[in-house]
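The values are calculated or read from the model by the stated rules, or taken from the named source; none is laboratory data. In this text the structure is predicted, and so the values were computed from the model without any measurement. Note that we place each Cβ from the backbone using ideal geometry, even for glycine, and neighbour counts take in every protein chain shown.
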Amino acid sequence: MRVLAINDISCVGKCSLTVALPIISASGVTCDILPTAILSTHTGGFTGYTFRDLSEDIPAMLAQWKTLGLKYDIIISGYLGSIDQIDMVKNIKRDFLNKDGLMIVDPVMGDNGILYSHFDRKFVEEMKGLCRTADVIVPNLTEACFLTDTDYNGVSEKDYLTVISKLKELCPRPSVTGCDISGKNGTQSAVFYTDEKGGTKHYSTEKVEGTFHGAGDVYASALVGCLARGVDTDAAVRIAAEFTTNSIKQTAIDKTEARYGLNSESQMYAYLKALNEAAK
């Protein structure tokens, strides 16, 4: 099983490829990477960061890979800095994904109801096109709203199924994170998703108040690790959601600044134990 993770490298602040590579690799899967950009830190909560777009370097990388005959069972794309990079990912899927492979798109565009500063509506429309090429998409609730032209500020628990239904017009298996629902012990954080048979379900965990950078990357990477090991969607969502929530809890306990990412390292053993049991 071979996975290609397409995302940026943020040298400080655990997110993107610095999260994807260790989690997917620890899952027992070969993980190659294609960096879209290199940043000194990620952009959330930091100032003065450096940014280098690698768009000009990518074609030469891909040309060499073709000479090696590389093919992938799963390709997951994350942060893409331009419409040109969206087009590149479409071509990468065409040239490098095995015929029966899985294309997963994490449509990184925004959070808390707003787009990141360097994205606009045109980028959203192009991202919709990329999602149409995917088998699985993993947006947060903000991104799901932009992809479905839904008003984020007007979304409540009763609307999640409608959002999922609209997403299924783009991709057969959406998985939306960050959906608050009412539980017996207060608000819980849920993932609303579609399984292999097209059924819409949700899985909820304890909600930890606050903004935690890199949580979506931890979830997406764990989900990929599970799916690559042959775990069904129900178990994959459960394992990835529990791993992410436990990592958030640990970060809160450690009182680590949220901008530095999740302390998922100490939760890796429990994640791998759950994964290996489900993959038997």
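Some values worked out for this structure:
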{"read-out": "Of all residues in segment 183-216 being more than 21 Å from Val163 (Cα to Cα) and touching a Phe, Trp or Tyr at 6+ places or on another chain (Cβ under 9 Å), the one that is surrounded by the fewest Cβ atoms within 10 Å (Cβ to Cβ)", "value": "His213"}
{"read-out": "Spans of helices (runs of 4 or more DSSP H) in segment 1-104 with at least 3 residues buried (at least 18 other Cβ atoms within 10 Å of the Cβ) and among the hydrophobic types (A, V, I, L, M, F, W, C)", "value": "17-26, 83-96"}
{"read-out": "Unique residue being touching a Gly at 6+ places or on another chain (Cβ under 7 Å) and more than 30 Å from Val163 (Cα to Cα) when the list is Ala258, Ala279", "value": "Ala279"}
{"read-out": "Which listed residue, of Phe119, Phe123, is free of Cβ contacts under 8 Å to residues at least 24 places away in the same chain, over 22 Å from Lys197 (Cα atoms) and not aliphatic (A, V, I, L, M)", "value": "Phe119"}
{"read-out": "Sole exception among (1) in contact with a Lys or Arg (Cβ under 9 Å, 6 or more places away or on another chain); (2) surrounded by fewer than 16 Cβ atoms within 10 Å (Cβ to Cβ); (3) farther than 24 Å from Glu157 by Cβ for Gly230, by number", "value": "(1)"}
{"read-out": "Of the criteria (1) of a type in the set (Gly, Ala, Ser); (2) over 24 Å from Val124 (Cβ atoms); (3) modelled with pLDDT under 95, which one Ala278 fails", "value": "(3)"}
{"read-out": "Of the criteria (1) at pLDDT below 95; (2) in contact with a strand residue (DSSP E or B) (Cβ under 9 Å, 6 or more places away or on another chain); (3) not hydroxyl-bearing (Ser, Thr, Tyr), which one Gly45 fails", "value": "(2)"}
{"read-out": "Tally of residues being of a type in the set (A, V, I, L, M, F, W, C), in contact with a Phe, Trp or Tyr (Cβ under 6 Å, 6 or more places away or on another chain) and closer than 24 Å to Val19 by Cα across segment 85-137", "value": "4"}
{"read-out": "Single match in Thr150, Thr177 (criterion: under 26 Å from Ser221 (Cβ atoms), polar (S, T, N, Q) and at pLDDT 95 or above)", "value": "Thr177"}
{"read-out": "Criterion (over 25 Å from Ala5 (Cβ atoms) and of a type in the set (Phe, Trp, Tyr)) met by exactly one of Tyr160, Tyr116", "value": "Tyr160"}
{"read-out": "Those residues of segment 105-119 which are more than 15 Å from the chain's Cα centre (by Cα) and either exposed (fewer than 14 other Cβ atoms within 10 Å of the Cβ) or in a loop (DSSP other than H, G, I, E, B) (or both), in sequence order", "value": "Asn112, Gly113, Ile114, Tyr116, Ser117, His118, Phe119"}
{"read-out": "Helices (runs of 4 or more DSSP H) enclosed by segment 182-280 - at least 2 residues per element that are free of Cβ contacts under 8 Å to residues at least 12 places away in the same chain", "value": "233-254, 268-278"}
{"read-out": "Contacts under 7 angstrom Cβ, first residue in segment 64-84 being in contact (Cβ under 8 Å) with a residue 24 or more places away in the chain and closer than 17 Å to Arg94 by Cβ, partner in a loop (DSSP other than H, G, I, E, B) and small (Gly, Ala, Ser), 6 or more apart", "value": "Asp84/Ser55"}
{"read-out": "Subset of segment 127-141 (residues that are surrounded by fewer than 20 Cβ atoms within 10 Å (Cβ to Cβ) and part of a helix (DSSP H, G or I))", "value": "Lys128, Gly129"}
